[in-house]
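Below is one structure, written out as structure tokens; comments come after it.
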Amino acid sequence: MCRFNSGFFFRHPLLASYDYYWRIEPGVKFFCDLSYDPFLVMQDEKKVYAFTLSLFEYIETIPTLWDATKDFIKANPQYLAEDNAMDFLSDDGGETYNRCHFWSNFEIGDLNFWRSEAYMKYFEHLDNAGGFYYERWGDAPVHSIGAALFAPKE
């Protein structure tokens with residue numbers, strides 16, 4: 001599930017004609033009506049990722065994710081957004097991962113961002129590293145790292 005949500009759902013043929021998705025888990029309840037279209041907000045404001053909250057990931061589930069990410073960054077610095085959000089991910093300039101991630105169980109995203117060369121190359125690098133199988137690299141930290149590094153923080 002984590003590998004599929006990190007690197008394959010946005011490639012599914014049923015989503016090919018769409019630019020945005022909204023991930024809502026079963027049982028979600030809205031306590032008021034939405035008076036706007038969140039997809040138009042994303043489009044009009046050129047946003048690529050929206051989330052409800054951020055929290056810490058359990059380091060035991062991702063002990064080598066940051067090392068794999070640093071290897072990718074070192075080999076592919078051209079993919080980092082000029083004004084990225086590395087400071088959200090790391091308290092020491094990228095040396096270590098502070099475990100902050102966006103909660104992906106309720107997210108809205110630009111499918112074209114996940115389909116971008118930068119994110120696809122990052123996912124392929126992670127997939128080749130094997131952490132989806134040997135650890136539990138979740139889509140929440142993987143999406144968070146991708147969004148924070150490859151999109152401008154605004």
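The values are calculated or read from the model by the stated rules, or taken from the named source; none is laboratory data. Note that this is a predicted model, so its numbers are computed, not measured. Cβ placement follows ideal geometry from the backbone for every residue including glycine, while neighbour counts extend to all protein chains displayed. Ligands, DNA and RNA are excluded from the accessible area calculation, which covers all protein heavy atoms including side chains. Shrake-Rupley method; radii C 1.70, N 1.55, O 1.52, S 1.80 Å.
Here are the numbers for this structure:
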quantity	calculated
Enumeration of residues in the range 112-143 that are polar (S, T, N, Q) and either part of a helix (DSSP H, G or I) or under 19 Å from Asp87 (Cβ atoms) (or both)	Asn112, Asn128
Failed item in (1) under 22 Å from Cys2 (Cα atoms); (2) crowded, with 17+ Cβ neighbours inside 10 Å, with Tyr134 passing the rest	(2)
Cβ pairs under 9 Å, 6+ apart, first in the range 71-85 and in contact (Cβ under 8 Å) with a residue 40 or more places away in the chain, second surrounded by fewer than 14 Cβ atoms within 10 Å (Cβ to Cβ) and assigned to a helix (DSSP H, G or I)	Tyr79/Glu117
Residue satisfying condition, being part of a helix (DSSP H, G or I) and under 17 Å from Tyr21 (Cα atoms), within set Gly109, Gly146	Gly146
Filter result for Ile62 (β-branched (Val, Ile, Thr), more than 15 Å from Arg136 (Cα to Cα) and under 17 Å from the mean Cα position of the chain (by Cα))	no
Odd one out for Glu107, checked against (1) touching a residue at least 40 places away in the same chain (Cβ under 8 Å); (2) touching a helix residue (DSSP H, G or I) at 6+ places or on another chain (Cβ under 6 Å)	(2)
Set Glu57, Glu25: member being modelled with pLDDT under 95, charged (D, E, K, R), within 18 Å of the chain's Cα centre (by Cα) and over 18 Å from Glu117 (Cα atoms)	Glu25
Unique match (being more than 21 Å from Gly138 (Cβ to Cβ) and without any contact (Cβ under 8 Å) to a residue 24 or more places away in the chain) among Asp37, Asp19	Asp37
When residues of the range 55-102 are limited to those that are in contact with a strand residue (DSSP E or B) (Cβ under 7 Å, 6 or more places away or on another chain) and part of a loop (DSSP other than H, G, I, E, B), the one least open to solvent (accessible area, probe 1.4 Å)	Glu57
The range 21-38, residues that are part of a strand (DSSP E or B) and either aliphatic (A, V, I, L, M) or open to solvent by 50 Å² or more (accessible area, probe 1.4 Å) (or both)	Trp22, Ile24
Any hit, the range 115-124, residues being over 17 Å from Phe4 (Cα atoms), of a type in the set (D, E, K, R) and more than 13 Å from the chain's Cα centre (by Cα)	yes
